[in-house]
């Protein structure tokens, strides 16, 4: 049996972003890959390769300049170099993602160094793509939407992929009230009642290999975001992505816990005021919600969210097994993951995380196994996180072979002990704190 099957995830030291490229090359050497063509095992000349970073949003507020929101560009360059080497002058590399609607991409390009990376590869068979079909001008401090603008999106278009009964959402029934914050629920439900359709980038669906490069952070709706959650970014329109079911569990939803009257009141108020009311009214409403005696939980941002993990599993299934026009592939598509955990994000993730210096990279060929390793590294119990615990379900065999046994390797025994001991000790988001830790938290989480 090959080392990759015995150890489907590898944790590697990478002290800082200045030495990130060298750390990636050293990691490849530790994996026993060809030093001159490390990705040649998976990538051959003539192929189409997608590098899928996590470009979630431009830096703002306390996150500015702290390398905590998105995949660092220093990790993209060595992967592009390795992919071009394997292609041998025949084929193409696409660096592509669909950030949040509120990402100012021009600002993001300047902040992240993406503009310089684009200039470096001008004239090369490398293309950089914002896969969104629209973006929104949003007040970073209050999340107020000032306006929405169309974008060209994927130049190769999109395919509607209908998973039908194969979808992890199918068992929730045709009466489920799916929703996504700041999008029309009628549109979302129209794609997920009687069918389960996703509008997926043809650049991604046409790829022979995906190099998945997520940023390790906590996430208010799924507990953590890493290898699996990164595939949200292959969809061109976010209103195709059920994030929660409206209401509390007592009323068939998972938007917020039972008995949270503030959250129950805030949801319709937000929908009423967003894009309709003046900014000062919006800010006043937010201030009132913040002054309530119990914390505001909105948009499915808590451990009881039983919807978004299903959507994520669907998208990883699509990334692994589907092609253009929604046709099933004869062979699963390789997904190689390199997690940026040099600086992770804890507490109010994914948009307002506190930087957490880890100095690590995580590599693997199985995205499920990678995320279980990451959760353990963060000090979380994967069994308590639905996104990960449901990897043991038979349906998850579509994209992961994880069966409940943690198996990873590291270049030093002390690093293995660090991971197995939950050495990262990440602070969970407010809606998850005290629910997913291997040990109880030592400090109270910050309110969202």
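Which helices (runs of 4 or more DSSP H) does region 358-440 wholly contain that include 1 or more residues that are surrounded by fewer than 21 Cβ atoms within 10 Å (Cβ to Cβ)? Explain how you work it out, then say what you get.
On the way: elements: 367-377, 386-389, 413-420.
Here the list reads 386-389, 413-420.
Out of all the residues in region 374-388, is one or more touching a strand residue (DSSP E or B) at 6+ places or on another chain (Cβ under 6 Å) and closer than 24 Å to residue 74 by Cβ?
Yes, region 374-388 contains a residue that is touching a strand residue (DSSP E or B) at 6+ places or on another chain (Cβ under 6 Å) and closer than 24 Å to residue 74 by Cβ.
Identify all residues within region 170-200 that are within 24 Å of residue 327 (Cα to Cα) and in contact with a strand residue (DSSP E or B) (Cβ under 8 Å, 6 or more places away or on another chain); write none if there are none.
Correct list: 188, 189, 191, 192, 195, 196, 197, 198, 199, 200.
Could you tell me whether region 201-215 includes any residue that is in contact with a strand residue (DSSP E or B) (Cβ under 8 Å, 6 or more places away or on another chain) and farther than 22 Å from residue 50 by Cβ?
No: zero hits.
Check region 400-423 and report whether any residue there is within 23 Å of residue 56 (Cβ to Cβ) and in contact with a strand residue (DSSP E or B) (Cβ under 8 Å, 6 or more places away or on another chain).
Looking through region 400-423, none of the residues is within 23 Å of residue 56 (Cβ to Cβ) and in contact with a strand residue (DSSP E or B) (Cβ under 8 Å, 6 or more places away or on another chain).
Residue by residue through region 183-208, note down the ones that are in a strand (DSSP E or B) and either under 18 Å from the mean Cα position of the chain (by Cα) or free of Cβ contacts under 8 Å to residues at least 12 places away in the same chain (or both).
Result: 198, 199, 200, 201.
Looking at this structure, is residue 216 part of a strand (DSSP E or B), at pLDDT 95 or above and surrounded by fewer than 24 Cβ atoms within 10 Å (Cβ to Cβ)?
Criteria not met by residue 216.
Taking region 232-245, which residues are in contact with a helix residue (DSSP H, G or I) (Cβ under 9 Å, 6 or more places away or on another chain), in a loop (DSSP other than H, G, I, E, B) and over 23 Å from residue 391 (Cβ atoms)?
237, the sole residue that qualifies.
Which residues, counting only those in region 361-372, are out of contact with any helix residue (DSSP H, G or I) (no Cβ under 7 Å at 6 or more places or on another chain) and within 20 Å of residue 75 (Cα to Cα)? Walk me through how you get there before you give the answer.
Filtering region 361-372 down to residues out of contact with any helix residue (DSSP H, G or I) (no Cβ under 7 Å at 6 or more places or on another chain) leaves 366, 369-370.
Answer for region 361-372, where residues must be out of contact with any helix residue (DSSP H, G or I) (no Cβ under 7 Å at 6 or more places or on another chain) and within 20 Å of residue 75 (Cα to Cα): 366, 370.
Within region 101-143, how many residues are buried (at least 19 other Cβ atoms within 10 Å of the Cβ), within 22 Å of residue 48 (Cα to Cα) and out of contact with any strand residue (DSSP E or B) (no Cβ under 6 Å at 6 or more places or on another chain)?
Final tally of qualifying residues: 3.
Please state which one of 370, 324, 343 is over 23 Å from residue 42 (Cβ atoms) and touching a residue at least 40 places away in the same chain (Cβ under 8 Å). So that I can check it myself, show each step before the final result.
Details: 370 fails: over 23 Å from residue 42 (Cβ atoms); 324 fails: over 23 Å from residue 42 (Cβ atoms).
Exactly one residue qualifies, and that residue is 343.
Determine, yes or no, whether residue 403 is more than 27 Å from residue 29 (Cβ to Cβ) and touching a helix residue (DSSP H, G or I) at 6+ places or on another chain (Cβ under 8 Å).
Against the criterion (more than 27 Å from residue 29 (Cβ to Cβ) and touching a helix residue (DSSP H, G or I) at 6+ places or on another chain (Cβ under 8 Å)), residue 403 qualifies.
Filter region 319-351 down to the residues that are crowded, with 24+ Cβ neighbours inside 10 Å and touching a helix residue (DSSP H, G or I) at 6+ places or on another chain (Cβ under 8 Å), then identify the one that is farthest from residue 164 (Cα to Cα).
Within region 319-351, the match that is farthest from residue 164 (Cα to Cα) is 342.
Taking residue 154 and the conditions (1) touching a strand residue (DSSP E or B) at 6+ places or on another chain (Cβ under 6 Å); (2) on the phi > 0 side of the Ramachandran plot, which numbered condition does it fall short on, given that it satisfies the others?
Among (1) touching a strand residue (DSSP E or B) at 6+ places or on another chain (Cβ under 6 Å); (2) on the phi > 0 side of the Ramachandran plot, residue 154 violates only (2).
Surrounded by fewer than 23 Cβ atoms within 10 Å (Cβ to Cβ) and either in contact with a helix residue (DSSP H, G or I) (Cβ under 9 Å, 6 or more places away or on another chain) or over 15 Å from residue 351 (Cβ atoms) (or both), is that true of residue 98?
No, not satisfied.
Determine if region 80-101 includes at least one residue that is modelled with pLDDT under 95 and under 19 Å from residue 352 (Cα atoms).
So far as region 80-101 goes, yes, one or more of its residues are modelled with pLDDT under 95 and under 19 Å from residue 352 (Cα atoms).
Matching residues to (1) modelled with pLDDT under 90; (2) closer than 19 Å to residue 306 by Cβ; (3) touching a helix residue (DSSP H, G or I) at 6+ places or on another chain (Cβ under 7 Å); (4) part of a helix (DSSP H, G or I):
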| position | (1), (2), (3), (4) |
| --- | --- |
| 181 | yes, yes, no, no |
| 230 | no, no, no, yes |
| 247 | no, yes, no, no |
| 254 | no, yes, no, no |
| 258 | yes, yes, yes, no |
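Is there any pair with a first residue in region 379-403 that is on the phi > 0 side of the Ramachandran plot and touching a residue at least 40 places away in the same chain (Cβ under 8 Å) and a second that is surrounded by fewer than 15 Cβ atoms within 10 Å (Cβ to Cβ) and assigned to a helix (DSSP H, G or I) whose Cβ atoms are under 6 Å apart and which are 6 or more apart or on different chains, and what are they?
Matching pairs, first to second residue: none at all.
Would you check if there is a residue in region 18-36 being within 26 Å of residue 105 (Cα to Cα) and under 22 Å from the mean Cα position of the chain (by Cα)?
Yes, region 18-36 contains at least one residue that is within 26 Å of residue 105 (Cα to Cα) and under 22 Å from the mean Cα position of the chain (by Cα).
The values are calculated or read from the model by the stated rules, or taken from the named source; none is laboratory data. Because the structure is a prediction, the values reported are computed rather than measured. Note that we place each Cβ from the backbone using ideal geometry, even for glycine, and neighbour counts take in every protein chain shown.
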